[in-house]
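Beneath this line is the structure, given in structure tokens, with notes to follow.
The values are calculated or read from the model by the stated rules, or taken from the named source; none is laboratory data. Owing to the predicted nature of the structure, the values given are computational and were not obtained by experimental measurement. Backbone-built Cβ (ideal geometry, glycine too); neighbour counts: all protein chains shown. Just the protein is used for accessible areas: all its heavy atoms, side chains included, with ligands, DNA and RNA removed. Shrake-Rupley method; radii C 1.70, N 1.55, O 1.52, S 1.80 Å.
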Amino acid sequence: GIKKIEWTIDDEGFYENPLLSSIGRKKIKELLNKHKIKLNSVTADCLMQAPFWKMSGKKKVHYEKKFIDLTLSSAEMGLSVIVVPLVDKSSLEKASQEKALYKFIKSKEDLFLKNQIHIAFESDYNPKKLLRFVKKFNNQCVGINYDIGNSASLGYDPKEEISTYGELISNVHVKDRLLGGKTVPLGTGNADFKSVFNGLKNTNYKGNLILQTSRDPSGNHAELLKHFKVKLEKWIK
């Protein structure tokens, strides 16, 4: 019953990922058509593992090129959203890191616009700080990925978050986490889903709702996702 998925790409085996080759993209399209599933977003976990805004010299140039290759491959695939994580290892810890990322993304805005790619930052910044950062860019090609679980873990108030930058949210990860802790099954953590979905409704959000949930310890992930999907639909209604 899943109608849409979000691709994820790691740094390890980056160029072996089917998204990065014409043959791989053809196979992905065949499978999407066969199973009647849509794909319009990708989470660049590769950037969380190797954040180029914390690098210098040839290494920085190398990883910037990898991101451009991901952008062009995503455009070839018809994807419209690239989630750029700014959490954990890729968190912006210094002003110099924010400046380096800003300079790079700003210089590529024309490329994103030309290829109809939207960059969605997933950040651990507080609401006002995140709004200040994202407002520096062209909102036609840069916005926010709202991760419900991560915000709950950080102790942020979803009412404040969505009222602050709700109109800039272009992708949503549905997840539940404990305050200051790990990912847990939906409804068992600190996420305030009622406030989140009321807020999204008030901003007339029409984008993705991606289940980035806890996994089934027994390995029966499909059935667990089906269960979470039903629960999510009830909350939305």
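Quick rundown of the values:
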{"item": "Hits in region 94-112 (condition: part of a helix (DSSP H, G or I) and basic (K, R))", "result": "K99, K103, K106"}
{"item": "Flag if L39 is closer than 15 Å to M77 by Cα, hydrophobic (A, V, I, L, M, F, W, C), surrounded by 14 or more Cβ atoms within 10 Å (Cβ to Cβ) and without any contact (Cβ under 8 Å) to a residue 24 or more places away in the chain", "result": "no"}
{"item": "Test: residue in region 44-55 that is open to solvent by 30 Å² or more (accessible area, probe 1.4 Å) and either among the β-branched types (V, I, T) or in contact with a strand residue (DSSP E or B) (Cβ under 8 Å, 6 or more places away or on another chain) (or both)", "result": "yes"}
{"item": "Lone qualifier among D147, D110 - being open to solvent by 40 Å² or more (accessible area, probe 1.4 Å) and of a type outside the set (K, R)", "result": "D110"}
{"item": "Close pairs from region 134-157: first within 19 Å of Q212 (Cα to Cα) and free of Cβ contacts under 8 Å to residues at least 40 places away in the same chain, partner among the basic types (K, R) and open to solvent by 10 Å² or more (accessible area, probe 1.4 Å), Cβ under 6 Å, at least 6 apart", "result": "S153/R177"}
{"item": "Residue ID - nearest to M48 (Cα to Cα), chosen from residues in region 22-34 that are without any contact (Cβ under 8 Å) to a residue 40 or more places away in the chain and open to solvent by less than 60 Å² (accessible area, probe 1.4 Å)", "result": "G24"}
